[in-house]
Amino acid sequence: MTLEAFGVVPGMKLPWKSAPKSGNAELHERLSPEQYRVTQKGGTERPFSGRYHDAKDDGTYRCIVCAAELFDSGAKFDSGTGWPSFTEAIDTTNVSLHKDRKFGIVRTEARCGGCDAHLGHVFSDGPGPSGERFCMNSASLQLDKATHDRPS
Ligand SMILES: [Zn+2]
């Protein structure tokens, strides 16, 4: 029995090829629909809708999917855009940059270096020495609050 017997022709997009990769069912369970849409489908949350755009807590922002360390709260600044914004990543290997040509505009997309989850975009109008502004989605992040000032 060959695939042709099922009416499948070579080059045809097989249904299971576009089905979620293994592990995505688990992600569907674990992430909210918004977190899933943003991290797995490259979506963008509405400005001022996320939980971190205005957060001032100290700590480490990790990937919501794989918990890789992405941004330190010390690099966070109020960009006024309604998305959490950072001047730099903790480690350039943890945040990978890609050219994004969606909507006919060339932008730099930031993805998690650990699991390839979509995080947001990087612009060149940041206030830090690098001039970069990492414009992230709250839905892609989880804040691991600093514990060093707790009494031991
Ligand atoms: Zn990740």
Original post:
When ranked by the protection proxy of mean other Cβ atoms within 10 Å per residue, highest first, what sequence do the peptides 139-145, 97-103 form?
Top reply: 139-145, 97-103
**OP:** Work through the residues other than LEU97 whose Cβ is under 10 Å from its Cβ and net out their charges, Lys, Arg +1 and Asp, Glu -1.
**Re:** -1
Subject >> Residues whose placed amide H lies under 5 Å from that of GLY43, excluding near-sequence neighbours >> reply: VAL38
Original post:
How large is ³J(HN,Hα), in whole Hz, for each residue of segment 112-117 in order, when computed from phi with the Karplus curve 6.51 cos²θ - 1.76 cosθ + 1.60 and θ = phi - 60°, using x for Gly and Pro?
Top reply: 5, x, x, 10, 6, 5
Subject >> Residue-wise HN-Hα coupling along segment 127-134, computed from phi with Karplus coefficients 6.51, -1.76, 1.60 (Hz; x: Gly, Pro) >> reply: x, x, x, 6, x, 8, 10, 7
**OP:** Per residue of segment 56-69, in order, report the coupling 6.51 cos²θ - 1.76 cosθ + 1.60 (Karplus, θ = phi - 60°) as ³J(HN,Hα) in whole Hz, putting x for Gly and Pro.
**Re:** 10, 5, 7, x, 10, 8, 10, 5, 5, 8, 10, 6, 4, 6
Subject >> Amide H contacts under 5 Å for LEU141, placed H, 5+ residues apart >> reply: ILE64
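Using Cα-Cα distances under 8 Å and only pairs 6 or more residues apart, what relative contact order does segment 47-145 have, in percent?
30 percent
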Original post:
Under 5 Å between amide H atoms, partner at least 5 residues away or on a different chain: which partners does LEU70 have, H built in plane at 1.01 Å?
Top reply: TYR61, ARG62, CYS63
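Every number in this text was worked out from the coordinates using simple rules, so none of it is lab data. Remember, predicted model here, so these are calculated numbers, not experimental data. Don't worry about glycine lacking a Cβ; one is built from the backbone with ideal geometry, like all the others, and counts go over all protein chains shown.
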